[in-house]
Structure formats: C-alpha cells, structure tokens
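First comes the structure, then the notes that go with it.
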Amino acid sequence: SVQFDPYLYRKDFPILETIVHGKPLVYFDNAATTQKPEAVIQTIVDYYQGMNANVHRAIHYLGETATMAFEEARQKVARFINAPSARQIVFTRGTTEAINLVATAWGEKFISAGDEIILSEMEHHSNLIPWQILAQKVGAKLRFIPFTSEGVLDFEAFEKILSNKTRIISLTYMSNVFGTINPIKRIIRMAKDRGIPVLLDGAQSVPHLPTDVQALDCDFLAFSGHKMLGPTGIGVLYAKINHLENMNPYQGGGEMIQSVWLERATWNEIPYKFEAGTPNIAGAIALGAAVDYLSAVGMKNITLYEQELTTYALKKLAELDELVIYGNAPERGGVISFNLGEVHPHDLSHFLDQQGIAVRAGHHCAQPIMRKLDIAATTRASFYFYNTFEEIDYFVEQLKEAITFFNP
Ligand code: PMP
C-alpha cells in the first residue's frame with residue numbers, strides 16, 4: 001500500500017470543508033474541474049493586491065514584476081512537463097483553445113483536400129469539433145479509431161486506417177468518460193515511423209500522471225489549468241519548436257506582432273506569436289503555484305494513490321448488481337462512469353447531491369460515445385488525490401440507499 005495521507009493535503013483546500021444539505025461535501029467531480037488549494041487562491045489575491053500591471057510592455061516596477069512572475073510561471077509549466085524550453089509553452093484559455101489553435105494555425109497551413117486526420121471515437125467534443133471545422137474548410141477527411149466494449153482503443157483498426165494520407169493524429173491520453181489511459185506511446189511510435197505528427201489531449205492525463213513530453217515525443221500537448229488545481233481560463237499548448245516556428249498565427253492583435261504597417265505586419269517570436277492580446281496574467285501565475293503544489297505532492301505519488309483509490313472503488317461498486325460500469329480498461333485513471341438500471345443520471349446525481357456527494361451526470365461532452373453505447377447519459381465519479389477511502393465507502397453506501405429508493 002502506498003504511504004499517502006490525503007488528510008495532510010485536504011486542510012489546504014478550504015472548500016472541502018463545505019457542508020452540503022447538512023452533509024459534509026464529497027467532491028467526486030474532479031474530471032470536470034478540481035478544487036484549489038489556498039496557495040493557488042492566495043497567489044491570485046497577491047497578484048492583484050501587489051503586482052497588477054500589464055506584461056511585456058511597461059518599463060515600471062509593477063510591470064516588470066508582473067512580467068517576471070508571468071514568465072517564471074511559463075518556466076514552471078515547462079519544467080513540469082519536461083519541455084526543452086519555456087518558448088514551447090503557449091498560454092491559452094484551456095485545452096479547448098489549445099486544440100482550436102492547432103487545428104486552425106497548423107491545420108489550415110498543412111492540411112488540404114483529400115488529407116486525413118485520425119481521431120478516436122472516444123474524444124471529448126473539444127478534440128472533435130475543431131477538426132470537423134477544419135475538415136469542412138479544407139476538404140479533409142476524418143478517420144476514427146473505434147473503441148471496444150471495454151472502452152479500449154482497437155489497435156488493429158488503427159493500423160488499418162493509418163495511411164500515407166494521414167496528416168495528423170489527435171488523441172486523448174486519458175478518456176474523461178471511461179478513464180482509459182490510451183496506449184499513446186505505441187501510437188506515437190507508429191506515427192513517428194511515418195513522420196506523422198501527434199497531438200495529445202492531456203486535459204485528463206496531465207493532472208494525474210507524470211508527463212514528460214520529450215519521453216513521449218508528442219508534437220503537441222494541450223491541457224487545462226483548472227483540472228490540475230489552477231484557476232479557470234488558463235491552459236497550455238506545448239508544441240515542438242519547428243511546428244511553432246512554421247505555424248500561422250492564431251489570432252491577431254497586440255503582443256503577437258513585431259512590426260506593424262497599415263497594410264501588413266511581421267510576427268513576434270514564439271511563444272508570443274500565439275498570445276494575442278493581454279493574457280490571463282493572474283491565471284498563469286496561479287497555474288505556476290498549482291504546478292508547484294503538485295510537484296511538492298509528487299506526480300508519481302498522485303498516480304499511485306489514485307490507482308489504489310480507483311481499484312478499491314471499482315471492487316466495491318462491482319458488488320452492486322444493479323450498477324453498469326462503462327469501460328474496463330486494464331490501464332485506467334480515476335474516472336468511473338456508470339448507470340443504475342433505468343434510473344436517469346440526473347435523478348441519481350440529485351439523490352447523491354442530497355447526501356453531499358458531487359458527481360456529474362450527462363453526456364460528458366462526448367455525445368458520440370453515448371450514441372455508440374446507446375445510452376443518453378451516465379453518472380460519473382472522478383477522483384483526485386485529496387479524496388479518501390472513507391469518501392468512497394460513504395459513496396457506495398449512498399448508492400445502496402439509491403438502489404432501495406429507486407428500486408431500478
Ligand atoms: N478534453 C478532455 C478529455 C476533457 O476532459 C476536457 C474537459 N472536460 C476537455 C478536453 C476540455 O477542457 P476545457 O473545457 O478546460 O477546455
């Protein structure tokens with residue numbers, strides 16, 4: 001058993017003390033967004049109280065202080081994913097914006113009519129719609145790696161759709177519905193053999209698994225600050241230098257330019273070429289604080305502890321005959337989607353909320369998964385390192401109450 005004490009960290013998260021309908025909060029909606037430790041909240045307050053100024057422009061004390069803190073955050077993020085250089089960290093609003101950036105700025109330049117884009121059937125809408133828009137614009141074709149009844153990607157099918165027409169593969173590292181950790185190392189190796197770039201949607205993986213972009217050898221990695229203790233409205237696109245150099249700008253405006261004439265302009269150096277307008281300065285600095293916090297806890301510790309928690313939860317849930325769990329991948333993270341017979345997930349999550357338990361009910365921004373499973377929605381419990389075995393016991397007890405109540 002891992003020596004990991006979640007109670008040591010829980011006291012850093014003021015919101016975890018919340019009483020909901022008279023019951024202590026059990027927060028199991030971490031795949032949607034995680035809670036924030038005091039260190040992150042305080043960083044935002046400190047920024048606005050003590051260093052608020054616009055970055056990269058001002059030659060005054062506050063402006064220089066804010067710029068230094070903003071750039072230091074970029075370095076922290078670079079170290080966190082072992083990026084060779086902080087120039088490869090583009091701050092975005094989140095995963096969604098990072099993927100749209102690539103689909104637009106890289107895609108419109110390098111993908112044309114007849115080319116193929118490989119995605120999987122288990123993508124979040126934010127790794128699907130940007131590619132649909134691109135494909136429609138340039139006349140490219142989307143191909144999909146199917147998933148099996150276990151919620152695992154069908155590797156043989158992938159080998160069949162991989163071809164000399166494939167221009168990019170864009171895949172989720174970890175499914176936000178099944179919890180599946182996809183075999184991306186194997187996929188990247190096969191892509192590399194053919195010179196095909198790979199984008200990883202790291203929204204669910206970066207918060208929970210140690211990430212080394214050099215070891216992974218991915219071309220692009222997108223992730224969101226708010227799913228890893230940081231604030232909303234800040235996220236990251238990591239990319240290899242040559243892609244960033246070769247890509248078009250994404251949005252035009254201040255900051256992303258070098259010289260401007262009335263009829264034309266030249267672009268700023270990377271990563272600023274992709275950061276038009278005043279960025280989310282406080283958000284980036286607070287993401288730096290989040291990354292510091294995660295590093296202090298230790299990403300390996302987080303992965304191992306969450307694995308124990310998830311194995312324990314799955315074992316206890318398997319004892320409930322009325323429960324159908326979607327996804328049974330051998331390698332998985334702490335995301336569990338399920339249904340209780342015919343009980344609507346909204347009704348179940350409302351029942352659980354009355355007991356203080358926050359879970360998610362819906363299609364989880366992955367409607368094609370729901371269609372393939374022929375269900376409208378699921379209930380989803382998702383864990384983080386501050387969750388406890390006691391919370392899982394309570395959750396399972398309350399599910400038993402729900403079974404008695406709904407009698408599915
Ligand atoms: N991809 C996956 C796998 C996700 O789980 C999410 C968030 N639910 C996103 C992308 C989108 O992230 P954001 O809304 O922060 O841009």
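Name the shape class, rounded, prolate or oblate, that the alpha-carbon gyration tensor gives for the chain, where a ≥ b ≥ c are the square roots of its eigenvalues, rounded holds for a/c under 1.5, and otherwise prolate holds if a/b is larger than b/c and oblate otherwise. The shape class here is oblate.
With 31 Å as the limit, the listed pairs Lys137/Lys300; Lys36/Lys109; Lys36/Lys300 have Lys137/Lys300; Lys36/Lys109 beyond it between alpha carbons. Only protein atoms count toward the accessible area here, which uses a 1.4 Å probe; on the chain, the carbon and sulfur part of that area reaches 51 percent. Please compute the net charge surrounding Asp115, taking Lys and Arg as +1 and Asp and Glu as -1 over other residues with Cβ under 9 Å from its Cβ. So the surrounding residues net to +2.
Positive contributions from Lys and Arg (+1) and negative ones from Asp and Glu (-1), summed over other residues with Cβ under 11 Å from the Cβ of Arg332, come out at -3. Using only DSSP helix segments of four residues or longer, with each worth -39500 (n - 2.57), what per-residue ellipticity at 222 nm results for the chain after dividing by its residue count and rounding to 500? That comes out to -11500 deg cm²/dmol.
Taking K and R as +1 and D and E as -1, what net charge do the other residues with C-beta under 13 Å from the C-beta of Ala69 add up to?
-3
Sorted largest first by accessible area at a 1.4 angstrom probe radius, with every protein chain in place, the residues Cys218, Cys365 fall in the order Cys365, Cys218. Take every Cα pair under 8 Å whose residues are at least 6 apart in sequence, average their separation, divide by the length of the chain, and the relative contact order is 24 percent. Against the main long axis of the alpha-carbon atoms of the chain, helix 38-50 sits at an angle near 40°.
For the range 252-324, chymotrypsin sites (Phe, Trp or Tyr not before Pro) meeting the loop criterion (DSSP other than H, G, I, E, B) and having at most 10 other Cβ atoms within 10 Å: Trp261. Solvent-accessible surface (1.4 Å probe) assigned to Asp393 amounts to roughly 50 Å². Multiplying each eigenvalue of the alpha-carbon gyration tensor of the range 267-315 by 5 and taking the square root yields semi-axes of 36, 13, 10 Å, largest first, rounded to whole angstroms.
Between Leu304 and Ala265, the simple label model (points 7 Å from Cα in the Cβ direction) yields a spacing of 5.0 nm.
Using alpha carbon centroids, what distance separates the range 287-305 and the range 146-198, in Å? Distance between centres, Cα-based: 27 Å. Ranked by the mean number of other Cβ atoms within 10 Å of their residues, highest first, the peptides 123-131, 279-287 come out as 279-287, 123-131. Between the helical axis of 184-193 and the longest alpha-carbon principal axis of the chain there is an angle of about 40 degrees.
Residues considered: Asp201, Asp321, Asp212. Largest GNM mean-square fluctuation over the chain, using C-alpha springs under 10 Å, is found at Asp321. Averaging 1/r over each pair of different alpha-carbon atoms in the range 140-181 and inverting the result gives 11.4 Å, the Kirkwood hydrodynamic radius. Averaged over its residues, the range 96-189 has an accessible area of 38 Å² per residue, based on protein heavy atoms and a 1.4 Å probe. Rounded to the nearest 10 degrees, the inclination of helix 345-354 to the longest alpha-carbon principal axis of the chain is 80 degrees.
The values are calculated or read from the model by the stated rules, or taken from the named source; none is laboratory data. Worth saying up front: this structure is predicted, and the values here are computed from it rather than measured. Positions of Cβ are generated from backbone atoms using ideal geometry, with glycine treated the same way; all protein chains shown enter the neighbour counts. Note: accessible area is taken over every heavy atom of the protein model, side chains too, but ligands, DNA and RNA are not part of it. Shrake-Rupley method; radii C 1.70, N 1.55, O 1.52, S 1.80 Å.
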